[in-house]
């Protein structure tokens, strides 16, 4: 959002902060000021006042002569954009080239839309910048997704007013209604997508260039002037955050304005000249015969306000944010209007913004017909939040005076009632992002000043005696699956709606985000499959050949009308084609079942009976199973299967994909918390020794490991751990033999071990192994062989 210092002063006459202080306030209030520009940087330089001395009309175009001192410029201008002869007009120069819309970076045009008129008190050759713009400063403010109200001068001015404790002055919105009959009617066939639609009829319109002050403010806020009618709707949108649209009323067929959903394949040529092929369900504004606008996105070419326009139908509405976003994304259109509807506009500000536009149109000579055309009502429900004041003090870690906190909230537009040590806070209509007590705490902290909040350590209850069973189980599962060669991933909980539809998950059971940042993040996942399958797709696109991934994460769904969260484990295995020299056994359905059994063993409960059953429609009929709860509960503990080849081809994934999902909370609920194990960092160094032995090829490592453990216990040696690190066979070992190499780690808790002491323990261990008759030390076998 771009806004200038002088425009803010129009809303805040008592603002005394310097521009650099205003930028600092915005930063402290949670808005990033990306850039602070001089207004001079946005215009060509110099800016001078010229005189229109001649204008020869040739139908739709007029040949104009502009005089500036001894120089004259001849330009071709649309007739509707030509002021009266003798008027002062704006002329800017860049690299000695004259520009009549002197915005820096504007390309030269053979045919101009208009000449921008200047106030008559200027003399020819006067410096327009010094006379009308001055030393203004422009702030480029980044507005977060939840603060749609601040995509307006009013919203940013409200933040400054709250910080400085100064009054906020609303723009003038008074006009005179006249008893003019027009015969227009409204029909709203999509109240669920447009809960409020209003219209006003204005006649006696003369389309011409906007006054300089309107054109200047539009340029400073990043928009290009077009004509007085369109510029007024754009200015009000920037001022108040409510998009408006003006239709040429004479081009609306049947004097009927309909709000409806599009049919598949309908066409609309939008204001940018592009023909749009519409999809079923897109929200439209139509007349008696055809679409005339994309609701909340862009108007249509057929009803565009142009030079011949004498009467307009002014639209002000509240459109569903999700509907606007879907339409804009599907058609590849992002406009200033759609950006505001997507983030949410003030439902109680719709008619207020229209009134502001009507007042400006009346100043331009328009006549406003009496009476509103209204369909629906503002979708605003009073929202109250109970906030204990101790919560504010606790979370901000500072003693904020309660009276000051109440004043801060009231300056931000909240209504506050005090009930002892609790505040009853009523949220204003333009703040749909404030819904919980912690949101109110944040509002107080922002204005009170984050710099006044002192650092502190968070406090939380901790029981050192026991580790919650669920947490312990998750840690063991992560370690086990990582040792099995799977990669752990962490993915977003937000997924695309279509990825949930393919799993057959019902609409009433899913949790839809009210204000998603994009359609790819519109639903909270009810299963881990969409997230993990997207990991496989990403690896496939990038040529990666990782075989398996797992995630321990939360899923979200509704059950019996209530929102539920559940911790689950998802494992996805990919039989991807491997290089010829890469030797690895393929995975199959039995691999999945093996993982299921291993997780059950780690939990100490097992996983119950495994029966054929297909939970997801994307699983093969004969390649899916369901595991029941070990205690015989109604809900399964897990399910898995092989993904349909057709589904993989549709997403450009080669090979085979197997998927397993386990309800971890179901497993953890069937056991007890585990005692915590204290871990003390060792005070003395460890000593390690390696031993290689040779055994019969049929002898398992477990046999040797048990001998080592028994001898260590019997001899009371300080053996901390031992681990196998190599298995070998072939030359120089005889046929039918294999070797084990393992490492012994010794450490005493009270002293540093000496080499002689460790050597005696190792020798005793070697003798013990030889006495079994089944183990031969490798060095002795090689010596005898030599």
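Tabulated results
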item: Sole exception among (1) outside the structural domain of residue 286 (by TED's automatic domain parsing); (2) more than 25 Å from residue 320 (Cβ to Cβ) for residue 151, by number; result: (2)
item: Filter pass, residue 182 being touching a strand residue (DSSP E or B) at 6+ places or on another chain (Cβ under 9 Å), more than 15 Å from residue 152 (Cα to Cα) and not in a loop (DSSP other than H, G, I, E, B); result: no
item: Residue in region 480-491 that is in the same structural domain as residue 661 (by TED's automatic domain parsing), modelled with pLDDT under 90 and touching a helix residue (DSSP H, G or I) at 6+ places or on another chain (Cβ under 7 Å) present; result: no
item: Matching strands (runs of 3 or more DSSP E) fully within region 267-363 where at least 3 residues are over 21 Å from residue 230 (Cα atoms); result: 275-277
item: Residue satisfying condition, being within 16 Å of residue 691 (Cα to Cα), assigned to a helix (DSSP H, G or I), over 57 Å from the mean Cα position of the chain (by Cα) and without any contact (Cβ under 8 Å) to a residue 40 or more places away in the chain, within set 757, 767; result: 767
item: Residues that are surrounded by 13 or more Cβ atoms within 10 Å (Cβ to Cβ), in contact with a strand residue (DSSP E or B) (Cβ under 8 Å, 6 or more places away or on another chain) and not in a loop (DSSP other than H, G, I, E, B), drawn from region 411-438; result: 415, 416, 422, 423, 424, 425, 426, 437
item: Residue selected from region 278-302 under the condition within 24 Å of the chain's Cα centre (by Cα) and under 17 Å from residue 187 (Cβ atoms), by the criterion surrounded by the fewest Cβ atoms within 10 Å (Cβ to Cβ); result: 283
item: Top-ranked residue in region 204-229 [being surrounded by 23 or more Cβ atoms within 10 Å (Cβ to Cβ) and assigned to a loop (DSSP other than H, G, I, E, B); ranked as nearest to the chain's Cα centre (by Cα)]; result: 225
item: The lone exception for residue 359 - which of (1) buried (at least 17 other Cβ atoms within 10 Å of the Cβ); (2) within 22 Å of residue 274 (Cα to Cα) it fails; result: (2)
item: Among (1) modelled with pLDDT under 85; (2) surrounded by 17 or more Cβ atoms within 10 Å (Cβ to Cβ) - the single one residue 716 does not satisfy; result: (2)
item: Residue match in region 122-134 (condition: more than 30 Å from residue 25 (Cα to Cα), surrounded by fewer than 17 Cβ atoms within 10 Å (Cβ to Cβ) and free of Cβ contacts under 8 Å to residues at least 40 places away in the same chain); result: no
item: Which listed residue is surrounded by 19 or more Cβ atoms within 10 Å (Cβ to Cβ), in a loop (DSSP other than H, G, I, E, B) and in contact with a helix residue (DSSP H, G or I) (Cβ under 7 Å, 6 or more places away or on another chain), from 156, 115; result: 115
item: Extreme residue, surrounded by the most Cβ atoms within 10 Å (Cβ to Cβ), among residues of region 502-557 that are touching a helix residue (DSSP H, G or I) at 6+ places or on another chain (Cβ under 7 Å), within 30 Å of residue 320 (Cα to Cα) and modelled with pLDDT of 90 or more; result: 525
item: Selection count, region 529-562, where residues are in contact with a strand residue (DSSP E or B) (Cβ under 9 Å, 6 or more places away or on another chain) and assigned to a strand (DSSP E or B); result: 11
item: Residue 222 vs. criteria modelled with pLDDT under 95 and within 15 Å of residue 3 (Cβ to Cβ); result: yes
item: Among the residues listed as 51, 79, 85, 62, the single one being in contact with a strand residue (DSSP E or B) (Cβ under 7 Å, 6 or more places away or on another chain), surrounded by fewer than 13 Cβ atoms within 10 Å (Cβ to Cβ) and within 25 Å of residue 227 (Cβ to Cβ); result: 85
item: Qualifying residue in region 267-275 (condition: without any contact (Cβ under 8 Å) to a residue 24 or more places away in the chain and under 29 Å from the mean Cα position of the chain (by Cα)); result: yes
item: Filtered residues of region 626-653 (kept if touching a helix residue (DSSP H, G or I) at 6+ places or on another chain (Cβ under 7 Å) and modelled with pLDDT of 85 or more); result: 627, 637, 638, 640, 642, 651, 652, 653
item: Criterion violated by residue 725 - all others in (1) surrounded by fewer than 11 Cβ atoms within 10 Å (Cβ to Cβ); (2) at pLDDT below 85; (3) under 27 Å from residue 476 (Cα atoms) satisfied; result: (2)
item: Subset tally (residues that are within 11 Å of residue 694 (Cβ to Cβ), free of Cβ contacts under 8 Å to residues at least 60 places away in the same chain and assigned to a loop (DSSP other than H, G, I, E, B)) for region 770-781; result: 0
item: Count of residues meeting criterion [at pLDDT below 90 and farther than 16 Å from residue 99 by Cβ] in region 36-52; result: 3
item: Wholly enclosed strands (runs of 3 or more DSSP E) of region 2-74 bearing at least 1 residues on the phi < 0 side of the Ramachandran plot and out of contact with any helix residue (DSSP H, G or I) (no Cβ under 9 Å at 6 or more places or on another chain); result: 32-38, 47-58, 61-68
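Okay, residues lined up against (1) more than 23 Å from residue 131 (Cβ to Cβ); (2) more than 34 Å from the chain's Cα centre (by Cα); (3) touching a residue at least 40 places away in the same chain (Cβ under 8 Å):
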| position | (1), (2), (3) |
| --- | --- |
| 43 | no, yes, yes |
| 49 | no, yes, yes |
| 55 | yes, yes, no |
| 61 | yes, yes, yes |
| 65 | yes, yes, no |
| 88 | no, yes, no |
| 93 | no, yes, yes |
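The values are calculated or read from the model by the stated rules, or taken from the named source; none is laboratory data. Quantities reported herein were computed from a predicted structural model and do not represent experimental measurements. Every residue, glycine as well, gets a Cβ built from its backbone with ideal geometry; the counts of neighbours run over all protein chains shown.
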